[in-house]
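A short worksheet on the structure shown next.
The values are calculated or read from the model by the stated rules, or taken from the named source; none is laboratory data. Since the model is a prediction, treat every value here as computed from it, not as a measurement. Here the Cβ positions follow ideal geometry from the backbone for every residue, glycine too, while neighbour counts run over all protein chains shown. Accessible surface areas use protein heavy atoms only, side chains included; no ligands, DNA or RNA. Shrake-Rupley method; radii C 1.70, N 1.55, O 1.52, S 1.80 Å.
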Amino acid sequence: GDIAGLQNLYLSYNQIVTFNPTIPLPAGLTFLYLNGNQMTTQGYVDSKPWADTMNVVANRGKIYFYNNIDTVVGTSLAEELTSKGWVIV
């Protein structure tokens with residue numbers, strides 16, 4: 001299917017440990033919900049390659065990470081996503 005117009009992606013409350021999609025997410029994505037999963041500090045480290053590939057876009061949107069096993073705050077993933085224009089919630 002065509003995901004080019006996707007703005008909100010809800011992946012909350014699954015069993016996600018690492019989020020490192022093999023295809024780029026749509027440029028228009030403004031909300032990504034990864035809260036309530038099984039992400040740990042190691043999972044965030046393993047998810048960073050995905051963030052590394054993004055372009056910088058001012059005021060890109062929000063990514064929700066609350067209610068995971070460990071907090072994303074202070075990780076290299078959070079720093080990378082923030083540098084690319086995301087707000088971490």
In vacuum, with every alpha carbon of the chain counted as one equal point scatterer, what does the Debye formula give for log10 I(q)/I(0) at q = 0.17, 0.25 Å⁻¹? Two decimals, please.
-> -0.65, -1.48
Total charge dipole magnitude, the chain, about the Cα centre, Cβ charges on Lys, Arg, Asp, Glu only, Debye to nearest 20 = 180 debye
Roughly to the nearest percent, how much of the accessible area of the chain is carbon and sulfur, given a 1.4 Å probe?
-> 55 percent
How much mean residue ellipticity at 222 nm does the chain get from its helices, if each DSSP H run of length 4 or more adds -39500 (n - 2.57) and you divide by all residues, to the nearest 500 deg cm²/dmol?
-> -6500 deg cm²/dmol
Checking rank on 36-48, 19-31, with mean other Cβ inside 10 Å and highest first, the result is 36-48, 19-31
Keeping all protein chains in place, calculate the accessible area per residue for the chain (probe 1.4 angstrom), answer in Å².
-> 57 Å²
For the range 46-89, state which chymotrypsin sites (Phe, Trp or Tyr not before Pro) are in a DSSP loop and have at most 15 other beta carbons lying within 10 Å of their beta carbon.
-> Y66
